[in-house]
Amino acid sequence: MAVGTIGLGIRPALIVIDMSLGFTHPSSPLGGNFSSQIEQTKTLLDLFRLKDLPVYFTSVVYHDETVASVFRTRLPDLNILKTSSHWIEIDPRLSRQSDEPVIEKQWPSAFFKTELYQKLCDDSVDSIIVVGLTTSGCVRATVVDGLQYNFPVFVVPEACGDRNLKAQSAALHDINAKYGMVMLKDDLVNKLKNL
């Protein structure tokens, strides 16, 4: 099956998926050691900030017991992600800026029942770069929905993490085969520097 090449566009946005303490801290039942992925993401954030390109973070947040009840029954560890919990805070190592929105979500995709699509349109975004946690779950779901909103989607494997490495490998393969382009960080950085 032939696969076409898509372009980066002139105003890409960086979407950092669920790099909240609930997923980045090893003591969390949802977390792991993703220090390397955080460092790679920081490099991308520095460049996006330097180029004044849009950055969005997401965090899973549950305001009451009725929202996403099936998803939470399937994965009960999600119940730690309540509004009063420190687990929903973006990992401070990423130094989120005050003008970088945090999109609250309750399901895997950053697009599903959120304001993300409208914000991307308002910011004249013409492509998206997705990084974060976890590759086989929320990253993949966001990539698929990004494509369905007709954005060229890029994924940086060094800045994505998953506690299941086989699932991560399969997800990256699937993304690159159908939904977006998996692009090494250095290749993406070179393209961004030329914008």
Return only the number of the condition from (1) under 19 Å from the mean Cα position of the chain (by Cα); (2) among the polar types (S, T, N, Q); (3) exposed (fewer than 14 other Cβ atoms within 10 Å of the Cβ) that THR58 does not satisfy.
(3)
Selection within region 137-157 - open to solvent by less than 10 Å² (accessible area, probe 1.4 Å) and outside any helix (DSSP H, G or I):
VAL153, PHE154, VAL155, VAL156
Only residues that are charged (D, E, K, R), without any contact (Cβ under 8 Å) to a residue 40 or more places away in the chain and in a loop (DSSP other than H, G, I, E, B): list them for region 161-175, please.
ASP162
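Can you tell me which residue is least open to solvent (accessible area, probe 1.4 Å) among those in region 122-136 that are part of a loop (DSSP other than H, G, I, E, B) and either under 14 Å from ILE15 (Cα atoms) or acidic (Asp, Glu) (or both)?
VAL125
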Kindly evaluate LYS113 against the criterion of being in contact with a Phe, Trp or Tyr (Cβ under 9 Å, 6 or more places away or on another chain), open to solvent by 60 Å² or more (accessible area, probe 1.4 Å) and at positive phi.
yes
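The values are calculated or read from the model by the stated rules, or taken from the named source; none is laboratory data. Everything quoted here is computed from the prediction, not taken from an experiment. We place every Cβ from the backbone using ideal geometry, glycine too, and count neighbours over all the protein chains shown. Heads up: the accessible areas ignore ligands, DNA and RNA and are worked out on the full protein's heavy atoms, side chains in. Shrake-Rupley method; radii C 1.70, N 1.55, O 1.52, S 1.80 Å.
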